[in-house]
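Take a look at the structure below.
Coordinate-derived values only; no laboratory data. Fair warning: this is a prediction, and the values are worked out from it, not measured in the lab. Positions of Cβ are backbone-derived with ideal geometry, glycine not excepted, and every protein chain shown enters the neighbour counts.
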Amino acid sequence: MRKGIVRGLIIGLVSAVVIVLYQWLRYRPDTTLDLYTRISNGVFQFGLIYLMVGVVIFSRLFSFRRRMGLRNYVELMKIKTREEHLENEKVKAELNERDKVVLRERGRDVTLLVAALLLMLVSVVLTFDQVQ
């Protein structure tokens, strides 16, 4: 978990620096207030993207159906014999066991969630002076 937090902070800081450089070199705003607004908008957008991807990774959304034992109807239409069905169930059980071992060893990956939190905090700090 500690590695995920450190990686998230590094990704967040690098992303923020890249956005700052891009906004400054591309638009060259006249006032610092305009620059802060542009940077804040860019950082917040990247934070939202990292948040969406981080939630999908953290919740292991792509293996949810398999882990919960829900039926895959498209796959069931392809299965013609009982042997194919049993083979499919065996593969699912092996993948579930592998997922449990991986989760026990590595834990959940919080890298992108930490990066999203950092970027959103930077965005809020940059717009804090603008609230009147």
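What does the charge dipole of the stretch 1-130 about its Cα centre add up to, to the nearest 20 debye, if the Cβ of each Lys and Arg holds +1 and the Cβ of each Asp and Glu holds -1?
Its charge dipole is roughly 440 debye.
I'd like to compare 8-14, 92-98, 109-115: which one has the highest average count of other Cβ atoms within 10 Å, and what's the full order after that?
In descending order of packing, they fall as 109-115, 8-14, 92-98.
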Placing each pseudo-label 7 Å from Cα in the direction of the beta carbon, residue 130 and residue 32 end up separated by a distance in nanometres of 1.6 nm
Here, residue 59 and residue 91, labelled 7 Å along Cα→Cβ, have an inter-label distance in nm of 2.6 nm
